[in-house]
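To keep things clear, I will list the structure first and then write my remarks on it.
Every read-out reported here was derived from the displayed coordinates using simple, explicitly stated rules and does not represent laboratory data. All figures in this text were calculated on a predicted structure; none of them were measured in a lab. Note that we place each Cβ from the backbone using ideal geometry, even for glycine, and neighbour counts take in every protein chain shown.
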Amino acid sequence: MKTIHVGSRLQYDVQSPSTFLLNVSVALNDHQSTIDESITVEPFYKVEQCAIGSLQNRLLRLSADPGPLTIEYRA
């Protein structure tokens, strides 16, 4: 299987307490897998993950307070 590197960097200026639901992670299923991945959130907030649908797409959820927020994903 060919190795592909993916990533994203999202930057927000959160105006009020907010919950984010993001679809930025690689799905883990019979068609693909990850060798290494990382999720970085600055400032730190707890990130919850869940898989949905038959393709097991992964969603990330986090709640953030007002201020700058950066979310980085690499795989």
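The calculated pair-distance distribution of the chain uses every alpha carbon pair, bins of 5 angstrom beginning at 0, and gives 3, 14, 26, 23, 16, 10, 6, 2, 0 percent.
Approximating the spin labels as points 7 Å out from Cα along Cα→Cβ, the Ser33-to-Ile4 distance works out to 1.8 nm.
The relative contact order of the chain, computed from alpha carbon pairs under 8 Å that lie at least 6 residues apart in sequence, is 50 percent.
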